[in-house]
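Report on one structure; see the data block that follows.
Just so you know, all these numbers are worked out from the coordinates, no wet-lab data involved. The model shown is predicted, which means the values in this text are computed figures rather than measured ones. Ideal geometry is used to build each Cβ from the backbone, glycine not excepted, and the neighbour counts take in all protein chains shown.
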Amino acid sequence: MFGKQPQQSRDLTSPEAVQRGQEIYDRMVTGECTDVVAELDAAYGATSESNN
């Protein structure tokens, strides 16, 4: 609303997006992923600032 840009819709159901998410999940489960938010932002083109 005030000073916020509209969110862009992303197709998180595409095979590529699902694969990226699965890879991050696998890294979370094994403890290899230390910053989940940063990895998801990088994978899906989002930024933490736009999620607030």
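Quick notes
- Packing, as the average of other Cβ atoms within 10 Å across residues, places the peptides 36-45, 9-18 in the order 36-45, 9-18, highest first.
- One decimal place: the segment residue 18-residue 30 gains 2.5 nm when fully extended, by the rule 0.36 nm per residue minus the C-alpha distance.
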